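A.B. asks: Below is one structure. I have some questions about it.
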Amino acid sequence: MSFVPFLQAAAGAAGSASTSSSLIGTMVPFLLIIVIFYFFLIRPQNKKQKETEKMLKALKKGDKVITIGGIHGTISSVKDNTVIVKVDDDCKIEFNRSAISSVELSDAEKAKIAEDAAAKKADKKGKKSSDSEEVKTESTEENK
């Protein structure tokens, strides 16, 4: 009978130690899920929102735009919170800036973007090949 309280006290001490490690074991997956949500959902959404705000601030007369409703037109004038889009010769519609979903790029702008991308790609390849050439020259110098 004297052993029963001792066993209960030992079980209570062991139980508190296991609950703290159990708490850590359950918190790690939750923290991991939060980090995954941040990098795959929250961060890209914030980045996209900033790009959209930047695009809306940069609207100017003559830009070809597409509205959220799918209307294509050219901006004829820009006001504080609205833009007037010329849809046809005699038809002008006023939209909130937030109703503009995208700006169409001209052929010259598309060509410039393609050239920039090609130049970046060539720079990356040039760096890789120059790094490999340096390694080759170092190995040939060591062999001599």
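The values are calculated or read from the model by the stated rules, or taken from the named source; none is laboratory data. Bear in mind the structure is a predicted one, so any value in this text is a computation, not a measurement. Please note: Cβ atoms are built from the backbone with ideal geometry, for glycine as well, and neighbour counts cover all protein chains shown. Note: areas computed on protein heavy atoms with side chains; ligands, DNA, RNA excluded. Shrake-Rupley method; radii C 1.70, N 1.55, O 1.52, S 1.80 Å.
A.B. asks: I want to confirm something. Restricting to the stretch 88-144 and keeping residues that are outside any helix (DSSP H, G or I) and acidic (Asp, Glu), which single residue is modelled with the highest pLDDT?
C.D. replies: Within the stretch 88-144, the match that is modelled with the highest pLDDT is Glu94.
A.B. asks: For the stretch 57-76, enumerate the residues that are within 20 Å of Asp89 (Cβ to Cβ) and outside any loop (DSSP other than H, G, I, E, B).
C.D. replies: Lys64, Val65, Ile66, Thr67, His72, Gly73, Thr74, Ile75, Ser76, listed by residue number.
A.B. asks: Restricting to the stretch 64-111, name every residue that is open to solvent by less than 70 Å² (accessible area, probe 1.4 Å), within 20 Å of Glu53 (Cβ to Cβ) and free of Cβ contacts under 8 Å to residues at least 12 places away in the same chain.
C.D. replies: Within the stretch 64-111, none qualify.
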